[in-house]
Amino acid sequence: MAVGFLGIIALAFLAFASVHELSRQFLLLESAIILVVTLGLLILVARHDKKTEEAEAIAESQLSHLADFATDLYWETDLEGHVIAAGGRLMKTFFPDINHVVGRHYMSVIKLDDTEREKMLNALQAIKPYSDILSVFHATDGRRFYISLSATPRYSKSGAVIGYLGVGTNVTRRIEAQGRLKHMAEHDMLTGLANRYSFQNRIEKDIAESAEDENIAILAIDLDNFKSINDTFGHQTGDALLNLVAARIVSSLSRPFRVGGLELKCSASVGVACAPLHAESTQGLLKCADLALYEAKGSGRSCYRLFQTPETRRAAVN
């Protein structure tokens with residue numbers, strides 16, 4: 001239809017204009033046609049770009065809402081490490097005002113121990129993804145959360161690295177459960193004191209890290225006549241007394257303990273051994289302390305003895 005219309009216009013020019021005039025009018029007509037077509041294309045492109053921008057804005061908003069719903073934390077940083085976007089289910093738990101996060105360097109927002117920090121920095125320096133970096137966040141009400149962080153570099157359309165995109169997962173329950181299991185494995189269930197396994201590991205660590213001029217002493221403690229308390233008042237009372245002794249330890253044993261309506265006195269015999277003076281290994285040190293304890297109990301109890309005689313040293317070695 002457009003071609004027919006243009007043909008009619010051309011015939012009109014042929015009927016009423018000279019050849020020279022016709023040529024000039026034809027050029028004007030051609031320019032007008034080009035102008036109309038160009039304007040039409042510009043309008044179409046503008047409408048397309050507007051729709052594309054609107055679609056991209058809608059998609060970005062939907063993705064943001066989806067990320068808020070699907071993840072505990074997410075963030076984007078620029079190449080220098082400054083936060084340019086952040087959100088997630090727990091974001092307002094830690095940062096009620098998102099403006100306090102955006103613009104800050106991400107290392108000032110998260111809390112890492114030295115090991116986790118080194119793992120993250122190594123990945124960032126190599127421009128590689130990282131995963132399962134354990135961090136600590138504190139809620140506005142004081143609660144502590146353990147968050148596992150994972151992130152990957154983000155790229156521009158040209159393929160250049162322009163920052164990082166990361167997510168955080170709340171692993172607080174798992175970490176706290178692991179902590180409880182570890183505490184149970186390393187501590188006595190009744191008194192809450194370190195058990196023999198934990199105690200030996202600590203001694204080995206202290207011996208390995210001690211300087212040549214340092215001495216490490218251990219005390220082997222036996223509660224004098226404790227069996228008679230169990231036999232007289234029952235194991236439940238004895239267990240309660242053990243808890244109180246564990247809380248007070250040796251320095252204040254002269255004061256009586258109150259268990260229910262009873263007032264009980266409990267003294268202790270102590271054997272002392274030092275590393276490396278008496279032994280250099282954990283097992284050797286424990287043997288020396290045990291022999292010193294045996295000597296203290298044989299000396300009338302309620303006293304301490306230092307492992308120092310040649311006889312007890314030879315017995316420990318054998």
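Quick one: which of Asp49, Asp113 is at pLDDT 90 or above and surrounded by fewer than 11 Cβ atoms within 10 Å (Cβ to Cβ)? Break it down into steps so the answer makes sense when it comes.
Values: Asp49 fails: at pLDDT 90 or above.
One residue alone meets the criteria, Asp113.
Which of the residues spanning region 274-294 are crowded, with 20+ Cβ neighbours inside 10 Å and of a type in the set (D, E, K, R)? Selection gives Lys287 alone.
Number of residues in region 213-232 that are at pLDDT 75 or above and exposed (fewer than 14 other Cβ atoms within 10 Å of the Cβ) equals 5. Taking every residue in region 180-198 that is within 18 Å of Leu241 (Cα to Cα) and modelled with pLDDT of 85 or more and pairing it with any residue that is small (Gly, Ala, Ser) and surrounded by 11 or more Cβ atoms within 10 Å (Cβ to Cβ), at least 6 positions away or on another chain, the pairs with Cβ-Cβ distances below 9 Å are His187/Ala194; His187/Ser198.
Taking the condition of being in a helix (DSSP H, G or I) and farther than 29 Å from Arg258 by Cβ, how many residues in region 197-245 meet it? Full working, then the answer.
First pass over region 197-245, keeping only residues in a helix (DSSP H, G or I): 197-209, 226-233, 235-245.
Filter again for farther than 29 Å from Arg258 by Cβ, leaving 197-198, 200-209.
Residues flagged as in a helix (DSSP H, G or I) and farther than 29 Å from Arg258 by Cβ within region 197-245 amount to 12.
Does Lys92 meet the test of being under 19 Å from the mean Cα position of the chain (by Cα), surrounded by 11 or more Cβ atoms within 10 Å (Cβ to Cβ), in the same structural domain as Asn170 (by TED's automatic domain parsing) and modelled with pLDDT under 85? Judged against the criteria, Lys92 is a match.
The values are calculated or read from the model by the stated rules, or taken from the named source; none is laboratory data. Keep in mind the model is a prediction, meaning the values are calculated, not measured. Cβ coordinates were reconstructed from backbone atoms using ideal geometry, including for glycine residues, and neighbour counts include every protein chain displayed.
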